[in-house]
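All remarks here apply to the structure that follows.
The values are calculated or read from the model by the stated rules, or taken from the named source; none is laboratory data. The structure presented is a predicted model; accordingly, all values stated were derived computationally and were not measured. When we count neighbours, we look across all protein chains shown, and the Cβ atoms used for this are built from the backbone with ideal geometry, even at glycine.
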Amino acid sequence: MLGEDYLEVVKALKNALEPFGLTVKVVGENGEALSFDEDKAVLRKALFVVVLKEPPTLQELKTSGWRIDDIAMLSVSLLYLLSRGGKASRKELLDILYSKFGKWRVNYVVERLIKLGYLEEEDENIVIGWRSKIEIDFNKILGIQTGSSL
Amino acid sequence: MSVKIRLRELLEELAETARRTSDPFKIDVKRVLDELAEILPMLKYEEMVLDAEILSRVVEIIKEQEDWVKNRSAMLVLGPFIALLKIASLSKQELAKELAEAWHPIVELEQITWIDVFRALNYLSARRKFALEIPEGKRVGVASSSELGELGLLSELDLEEEAKKLEKEIAEKLAEKGAVEYFEVVRGESLSEVFVKAYVISYLATAGKYSIVYDPLREKYYIVKPSNGDYHTVVVPLRGVLHSG
């Protein structure tokens, strides 16, 4: 229990983490990035997560267990879903991935990305998962310059 | 409240909101302008400067809002196009790099704790010491491979020959189907035959000749050719697979 002034505690934590290359990100109910100055009622439902302040290098991702192919598959999945307003049928997404990667690996990786929360199943569709919304700057991956949320 | 104080408050509010957020629409321009219009008839000459400063801020904010709308509309139109273009034109390495540069992973901590270290030490110290008992008059020596063979501890299996045979079998099946179910190959009349085949395939996969992949939808393991020299293997449990069906 952090009490009524919990935001001050979280801000202090954020300041303490900054020297380690980490930061606290505030995420709204729908995965949108929020600032610490949002309305209290909105922040009450928000998630506070500790993330890396700067993106990792490919080498760092590899040493933490990611394969280049798997990262590329997540990249293609997100780009495709973003181009379709965040949702696409499983078949469509798999067909796109099959065209770029080995068929046998695709099914395995997609299941893994779903388990990790980067993608989510919604009936017959695949949608962008909660974890992608928190961790990935969609504007940046699309190459669109806007103010950073971090 | 005096008009001057209210004007200062408005000015401060505008500056503070602009500093706190990157979204210019967080500022209610209409409310500010309505309030200024209400205050205007009451303004003295010297207060006009404050009023003008507020108006100047409002103009800056409206300009930011305009840029913001332009940016967002460009994103809505160009976003899907850029996404599809990237999928089509970038290599796997480039796609991975694009994502990595936009990625801020959640931090996880996975480490051994002191409790785990002490638990491991307790376990190790509680283990019974193993000592080889040597009967009187006997001495410890090194057994030759032929002696081990006579004792039935070493088979005369030619692994190289076995590897060639399996390679041929897999190559034929891959030519037919593109992927071979693992247990179509790894099966035999006896437990040792199954284990030898599994060992040989493990050796061939480690040498990069095949990839072993798991299809979670079919719950089956497959032997496939590595894509672009990038091979991959998974652990395959042999439990329950002893004889050919």
What pairs come out if I take residues in segment A:130-143 that are among the aromatic types (Phe, Trp, Tyr) and pair them with residues that are assigned to a helix (DSSP H, G or I) whose C-beta lies under 9 Å away, six or more apart or interchain? A:Phe138/A:Leu78; A:Phe138/A:Leu82; A:Phe138/A:Ser132; A:Phe138/B:Gly79
What residue, of B:Glu160, B:Glu181, B:Glu167, B:Glu193, is out of contact with any Cys (no Cβ under 9 Å at 6 or more places or on another chain) and loosely packed, with under 12 Cβ neighbours inside 10 Å? B:Glu160
Could you list, ordered by first residue, the pairs with Cβ atoms under 7 Å in which the first is in segment B:138-154 and on the phi < 0 side of the Ramachandran plot and the second is in a loop (DSSP other than H, G, I, E, B), at least 6 apart or interchain? B:Val140/B:Ile134; B:Ser145/B:Leu154; B:Leu148/B:Leu154; B:Gly149/B:Glu156
Take the conditions closer than 28 Å to B:Pro226 by Cα, assigned to a helix (DSSP H, G or I) and of a type outside the set (Lys, Arg) and apply them to B:Glu147. Does it pass? no
Looking at A:Ser75, A:Ser89 in this structure, which one is among the hydroxyl-bearing types (Ser, Thr, Tyr), surrounded by 13 or more Cβ atoms within 10 Å (Cβ to Cβ) and either more than 10 Å from chain B (Cβ to nearest Cβ) or closer than 27 Å to A:Val10 by Cβ (or both)? A:Ser89
Pair list, Cβ < 8 Å and 6+ apart or interchain, from segment B:27-41 residues that are assigned to a helix (DSSP H, G or I) to residues that are not hydrophobic (A, V, I, L, M, F, W, C): B:Val29/B:Gln65; B:Glu35/B:Arg6; B:Leu36/B:Asp51; B:Ile39/B:Arg6; B:Ile39/B:Asp51; B:Leu40/B:Asp51
Scanning segment B:211-225 for residues that are over 17 Å from A:Ile114 (Cβ atoms) and basic (Lys, Arg), which turns out farthest from the other protein chains (Cβ to nearest Cβ)? B:Lys220
Could you tell me whether any residue of segment B:23-45 is within 12 Å of chain A (Cβ to nearest Cβ), surrounded by 15 or more Cβ atoms within 10 Å (Cβ to Cβ) and of a type outside the set (D, E, K, R)? yes
Can you find, within segment B:57-86, the residue that is nearest to the chain's Cα centre (by Cα) among those that are loosely packed, with under 12 Cβ neighbours inside 10 Å and more than 30 Å from B:Glu98 (Cα to Cα)? B:Lys63
Residue, farthest from the other protein chains (Cβ to nearest Cβ), within segment A:15-44, restricted to residues that are over 19 Å from the mean Cα position of the chain (by Cα) and of a type in the set (D, E, K, R): A:Arg44
Within segment B:95-135, which residues are exposed (fewer than 13 other Cβ atoms within 10 Å of the Cβ) and either acidic (Asp, Glu) or within 14 Å of another protein chain (Cβ to nearest Cβ) (or both)? B:Glu108, B:Leu109, B:Glu110, B:Gln111, B:Asp116, B:Glu133
Just the residues that are hydroxyl-bearing (Ser, Thr, Tyr) and either farther than 11 Å from A:Val76 by Cβ or surrounded by 17 or more Cβ atoms within 10 Å (Cβ to Cβ) (or both), please, taken from segment A:92-130. A:Tyr108, A:Tyr118
Restricted to segment B:205-245, and to residues that are charged (D, E, K, R) and either part of a strand (DSSP E or B) or not assigned by TED's automatic domain parsing to the domain that holds B:Glu193 (or both), which residue is modelled with the highest pLDDT? B:Lys220
In segment A:45-63, residue surrounded by the most Cβ atoms within 10 Å (Cβ to Cβ) [restricted to those that are more than 23 Å from A:Ala16 (Cα to Cα) and within 8 Å of another protein chain (Cβ to nearest Cβ)]: A:Leu61
The listed residue being within 21 Å of A:Arg105 (Cβ to Cβ) and within 37 Å of the chain's Cα centre (by Cα), out of B:Val194, B:Val236: B:Val236
Check every one of the helices (runs of 4 or more DSSP H) wholly within segment A:1-71 and list those with 1 or more residues that are within 30 Å of A:Trp104 (Cα to Cα). A:58-63
Hits in segment A:14-32 - residues which are among the aliphatic types (A, V, I, L, M) and exposed (fewer than 15 other Cβ atoms within 10 Å of the Cβ): A:Ala16
